[in-house]
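This report concerns only the one structure given below.
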Amino acid sequence: MLHGMSTTVEPSSERSAAEVNEEIRALWLRSGGTLSVEQREEYQRLVQEWATALPQEAAEAA
């Protein structure tokens with residue numbers, strides 16, 4: 001039986017792009033440069049969160 005993954009991004013705790021970027025960097029450091037399947041899923045979630053935070057910060061700065 002195949003299980004589908006949700007592709008919707010759930011709103012996060014309103015973290016800044018810099019905070020999310022720091023978590024991405026920490027994930028890569030912990031992994032030693034090779035992500036497991038679970039880490040790849042976390043990485044994808046973090047990148048989506050980071051990408052969402054960027055335009056929000058730009059709009060707030062304007």
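The values are calculated or read from the model by the stated rules, or taken from the named source; none is laboratory data. Note that the structure is predicted; figures quoted are calculated from it, not measured. Glycine gets a Cβ as well: all are built from the backbone with ideal geometry, and neighbour counts include every protein chain shown. Just so you know, the surface numbers come from the protein's heavy atoms only, side chains and all, with ligands and any DNA or RNA stripped out. Shrake-Rupley method; radii C 1.70, N 1.55, O 1.52, S 1.80 Å.
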Query raised in the report: Which pairs have Cβ atoms under 7 Å, sit 6 or more apart or on different chains, and link a residue in region 42-60 that is at pLDDT 90 or above to one that is open to solvent by 70 Å² or more (accessible area, probe 1.4 Å)?
Result: 48/9; 52/9
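So, in region 24-42, exactly how many residues are polar (S, T, N, Q) and part of a loop (DSSP other than H, G, I, E, B)?
2
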Query raised in the report: Does residue 31 satisfy the criteria of being open to solvent by less than 70 Å² (accessible area, probe 1.4 Å), touching a helix residue (DSSP H, G or I) at 6+ places or on another chain (Cβ under 6 Å) and modelled with pLDDT under 95?
Result: no
